[in-house]
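Quick notes on the structure that follows.
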Amino acid sequence: MKLTPNEKLNILEVLRNLAAYRPRRRGWTWRSGPARQQVGPFMYENASPALAQSVPLPSAHWFGDIDPQCDFVITTEIASGRFEDDLRRMRMAAWHGADHLMVIRTTGQSHIDGLIEGTPEGVGGIPITRKQVRATRKALDAIEDEVGRPINFHSYVSGLAGPEIAVLFAEEGVNGAHQDPQYNVLYRGINMHRSFVDAAEAKRIMAQAGILQLDGAHNANATAKEAWKVTPELFVQHAINTEYSRRAGMPAELIALSTVPPTAPPAPKLRLDLPYMVALRDLFAGYRMRAQQNTRYIEADTGEATVTHVLDTLLSRLTSADIQSTITPDEGRNIPWHYNNVAGVNTARQTLMGLDGMMQLVALREDGYLPAMARELKERAVLFLEDVLAQGGYYAAVAAGMFVDSGYFPERHGDGIVRDPAGGDGADTVVPREPDYGAPVCSHFGDNAYDGQAGKACAAYGGCSLCNPERIRYVDEVDEEDTVARRLERPLAEQQAGLLRPEVERHGDGIVCVTLFVPAEPQLAEAAALEMARRMGLAEPTVISRRMMHPAEGSVFEVRGRLEAAIRIDQLVLPPPSEPIADAEIEAWVRPRNIAVVAGTVGEDEHSVGMHEVLDIKHGGIEKYGFRCQNLGTSVPIERLLDTAERTGARVILISTIVTHSAVHEQNMRRLAALARQRGLRAGLVLIAGGTQVTDALARACGLDAGFGRGTTGRDVGSFIVRALRER
Amino acid sequence: MSSSERADDFATRRKPLHGLSDAELHGRFWSLVQEIVAPLIEEARTHTTPAIERSVLLRMGFTSAEAKLIVGGMHQRGWLGHGAGRLLLSRAQAQGSSVRQVGEALLAGEGWEALRP
């Protein structure tokens, strides 16, 4: 399957012949290659190889459209509930630099004692089934070819079916997974004996398939009231899972600690978080770090969330990370929208490129507060471990409520999570192995009658599915009502009919978000904002973010609603695409004609950069074609431009108009057209405006010949001038 | 203050750790962790569960639904401690058939008694 940038991902093609699909590799892939490399005009110190195709950061056009890539793997978490929509989101995220795509599981899958099959719809994530996993991996193969970088696919090996999910992931080429028996115990109410016994088997399977393991300690952060006070316990949780994984046969390089800087501003974030992060890296030297961004204190304001996430990413660069995971900035208000996955990825990408080489500039203090606090945290963790043993071991300690207590250990508040070692989901399902116990398969943990024999344990029957993929039995659908084929009926029919709807999560869901500032007190303003959204024709408007600017002067709201109307593609009128003329052709036409151009930034406006981009030879501007350009500078009166044009016999006037308040850019354009007419010069002149808020349509409406917005090059402007003058 | 509540007595409790170098403190941390984990991993080495046995049958070429039925039947009969895979393979070897054939018979409700360990 091959993707082309100008064609949408064909889900029917993904689903075709899935029964015969085999993953092309197993195991995790890190970004590799020299960290020090030249990209465009800059030398980077923490880089990785470039992508074949991508969408660069918005400001990249100032630097030759470079898209340098950092050395950390970048994660985004995807949770729409429909894998067929997730795939499109994954493709968008990959184009923005994500190479670790984490698929959240549907609510309640932890409690299902066995695997789910088919393509049923999920809630807050997808049901992890063989078909959905296989289809996703197949689509990711095509996406990684398109962007030119391996993509790691990740989900969860937890709940009552951990070992089976581990087998499924090993068979289907899943590259990373969460696995931490403590998560089952503390947050899923699964019996602790069952959880740990299952985990050893799951970890052994993951280890031999090269699947990178993430632990679950960060959840204590997310649940504790005062997250910075659980840091001593976080070391304990990381350590129990890490040691247990090692004993189950997992090598250090496949163990990643899932760690989150625990606080957010207005808390003094760096002072609280940095000692914890330093202590963690000291205690766990040799293990991988999956640095997650903070969710504990995320609110509805996406700007605020983004600032916290920038600081989280700064902390990763100040200490270390192998994976920088991202949180979508809208997670505090809804299940993430797809373009917010991209926004989250870009927060990490933009921050990490900005911080490139930071450790050449600064160093962490080795005296004073930082090492003293790090030492204190480690000591508190050691005291915690001593207390676990004093309680009678791990199970007894959980039963005594030692974990996720909000006290700053050894302080305890008595509000920890309490679980009964004999209770929970799956209690009484742990069975002692008899002396003749055997499991004739590979990647099995513990006592096994087949271990003593020569050769593989699975040799007697032609190899287990991990050695011989032909043995995998593929199940397609189970419930014919709840399938991807059913869900695709409407989107495919609408696509066929040429209909387009806006969306944020699922195909054509119609959801839009409008921003409204209402100049009234908050309660009144909110009621008004909702009514305004209704008048715009939005169904079920809901305020998803409110921020008071002043108690009386007003508040700003983001209102989500549904646009019921679909747009018919065949009724849209598109401006004709104008391909720029080749450089050589422009120059061949312009140079012998010695064409004069007068230019300037008009009005009370001191912006000069845009005009330089279009004119100057060193920026690739139109001078290079042989235009005789005269730039009168900034804040130039329109009259002066016309005087100069008249005096020099110029054929072209270029104005730049950046400032837009009170629509001054429109006034400038209209005034240029009007004055040129009054002075009888209009017919002999090509009049062009440029600026960040200028569009071709707007400029023409104001009486000019053309307008150019962001991203315009000298070649665009040169091509237009040549065409316009040829016509005259 | 209940028995599960305690004030922050870190200043007192940390005294025995005071003389440890950082490396010694790290060593103490990991040796305590090993002590906590040892009985947990020992239980895993010597026990199994329906999920582990189903994962064995998946690897031996059964679907998730088939594995659930076969392991469920063995669990009900108290045979799981011998290993689902071992029971199937031993039977297949004894009767000269494939593992898959033994499993399909069990799914049809046949051959359960012959499986008895």
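Table for the structure above
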{"item": "Any hit, region B:32-48, residues being in contact (Cβ under 8 Å) with a residue 24 or more places away in the chain and crowded, with 22+ Cβ neighbours inside 10 Å", "result": "yes"}
{"item": "Check on A:Glu376, out of contact with any strand residue (DSSP E or B) (no Cβ under 6 Å at 6 or more places or on another chain), within 14 Å of chain B (Cβ to nearest Cβ) and in a helix (DSSP H, G or I)", "result": "yes"}
{"item": "Breaking point among (1) touching a Gly at 6+ places or on another chain (Cβ under 8 Å); (2) closer than 25 Å to A:Trp589 by Cα; (3) assigned to a helix (DSSP H, G or I), for A:Glu646", "result": "(1)"}
{"item": "Count - residues of region B:1-22 that are in a helix (DSSP H, G or I), among the hydrophobic types (A, V, I, L, M, F, W, C) and more than 7 Å from chain A (Cβ to nearest Cβ)", "result": "1"}
{"item": "Options A:Asp273, A:Asp301, A:Asp282: the member that is in contact (Cβ under 8 Å) with a residue 40 or more places away in the chain, among the acidic types (Asp, Glu) and in contact with a Leu (Cβ under 9 Å, 6 or more places away or on another chain)", "result": "A:Asp273"}
{"item": "Flag if A:Arg412 is surrounded by 19 or more Cβ atoms within 10 Å (Cβ to Cβ), within 29 Å of B:Ile52 (Cα to Cα), at the interface with chain B (Cβ under 7 Å from one of its Cβ atoms) and touching a Ser or Thr at 6+ places or on another chain (Cβ under 7 Å)", "result": "no"}
{"item": "Some residue of region A:83-93 being crowded, with 24+ Cβ neighbours inside 10 Å, more than 20 Å from A:Asn10 (Cα to Cα) and in contact with a helix residue (DSSP H, G or I) (Cβ under 9 Å, 6 or more places away or on another chain)", "result": "no"}
{"item": "Any hit, region A:64-71, residues being over 30 Å from A:Gly711 (Cα atoms) and not aliphatic (A, V, I, L, M)", "result": "no"}
{"item": "Per-region count, region A:508-536, residues part of a strand (DSSP E or B) and surrounded by 16 or more Cβ atoms within 10 Å (Cβ to Cβ)", "result": "5"}
{"item": "Residues of region A:385-432 that turn out to be touching a residue at least 40 places away in the same chain (Cβ under 8 Å), in contact with a helix residue (DSSP H, G or I) (Cβ under 6 Å, 6 or more places away or on another chain) and over 27 Å from A:Gly159 (Cβ atoms), as a count", "result": "3"}
{"item": "Criterion: in contact with a helix residue (DSSP H, G or I) (Cβ under 9 Å, 6 or more places away or on another chain), of a type outside the set (Phe, Trp, Tyr) and within 24 Å of A:Arg246 (Cβ to Cβ) - qualifying residue of A:Gln179, A:Gln132", "result": "A:Gln179"}
{"item": "Candidates A:Val652, A:Val636, filtered to the one that is within 25 Å of A:Glu587 (Cβ to Cβ), over 43 Å from the mean Cα position of the chain (by Cα), of a type in the set (A, V, I, L, M) and at pLDDT 90 or above", "result": "A:Val652"}
{"item": "Qualifying position, being in contact with a His (Cβ under 6 Å, 6 or more places away or on another chain) and surrounded by 14 or more Cβ atoms within 10 Å (Cβ to Cβ), among A:Glu646, A:Glu623, A:Glu613", "result": "A:Glu613"}
{"item": "Pick from region A:235-283, criterion assigned to a loop (DSSP other than H, G, I, E, B) and within 14 Å of another protein chain (Cβ to nearest Cβ), ranking: nearest to A:Leu385 (Cα to Cα)", "result": "A:Ala248"}
{"item": "Qualifying residue in region B:23-41 (condition: facing chain A (nearest Cβ under 7 Å), under 19 Å from A:Lys378 (Cα atoms) and part of a loop (DSSP other than H, G, I, E, B))", "result": "no"}
{"item": "Residue in region A:486-507 that is exposed (fewer than 14 other Cβ atoms within 10 Å of the Cβ), part of a loop (DSSP other than H, G, I, E, B) and within 14 Å of chain B (Cβ to nearest Cβ) present", "result": "no"}
{"item": "Test: residue in region A:503-515 that is modelled with pLDDT of 95 or more and in contact with a Phe, Trp or Tyr (Cβ under 6 Å, 6 or more places away or on another chain)", "result": "yes"}
{"item": "For B:Ala94: the one exception among (1) within 7 Å of chain A (Cβ to nearest Cβ); (2) more than 28 Å from A:Gly118 (Cα to Cα); (3) among the small types (Gly, Ala, Ser)", "result": "(1)"}
{"item": "Total residues in region A:208-234, condition within 30 Å of A:Leu466 (Cα to Cα) and either more than 14 Å from chain B (Cβ to nearest Cβ) or not small (Gly, Ala, Ser) (or both)", "result": "8"}
{"item": "Residue that is nearest to A:Val504 (Cα to Cα) [pool: residues in region A:547-561 that are buried (at least 17 other Cβ atoms within 10 Å of the Cβ) and of a type in the set (D, E, K, R)]", "result": "A:Arg560"}
{"item": "Test: residue in region B:51-61 that is among the charged types (D, E, K, R), facing chain A (nearest Cβ under 9 Å) and closer than 19 Å to A:Thr429 by Cα", "result": "yes"}
{"item": "Within region A:455-476, considering residues that are hydrophobic (A, V, I, L, M, F, W, C) and free of Cβ contacts under 8 Å to residues at least 40 places away in the same chain, the one farthest from A:Tyr244 (Cα to Cα)", "result": "A:Ala460"}
{"item": "Residue in region A:443-454 that is nearest to the other protein chains (Cβ to nearest Cβ), counting only those that are in contact with a helix residue (DSSP H, G or I) (Cβ under 7 Å, 6 or more places away or on another chain) and either in contact (Cβ under 8 Å) with a residue 40 or more places away in the chain or acidic (Asp, Glu) (or both)", "result": "A:Gly446"}
{"item": "Unmet criterion (only one of (1) buried (at least 22 other Cβ atoms within 10 Å of the Cβ); (2) touching a strand residue (DSSP E or B) at 6+ places or on another chain (Cβ under 6 Å)) for A:Gly714", "result": "(2)"}
{"item": "Complete set of residues in region B:105-117 that are within 12 Å of chain A (Cβ to nearest Cβ) and either within 19 Å of A:Gly462 (Cβ to Cβ) or buried (at least 20 other Cβ atoms within 10 Å of the Cβ) (or both)", "result": "none"}
{"item": "Looking only at region A:383-394, and only at residues there that are more than 8 Å from every other protein chain (Cβ to nearest Cβ) and under 22 Å from A:Gly189 (Cα atoms), the one that is surrounded by the fewest Cβ atoms within 10 Å (Cβ to Cβ)", "result": "A:Gly392"}
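The values are calculated or read from the model by the stated rules, or taken from the named source; none is laboratory data. Everything numeric here is computed off the predicted structure, so don't read it as measured data. Every residue, glycine among them, receives a Cβ derived from its backbone with ideal geometry; neighbour counts consider all protein chains shown.
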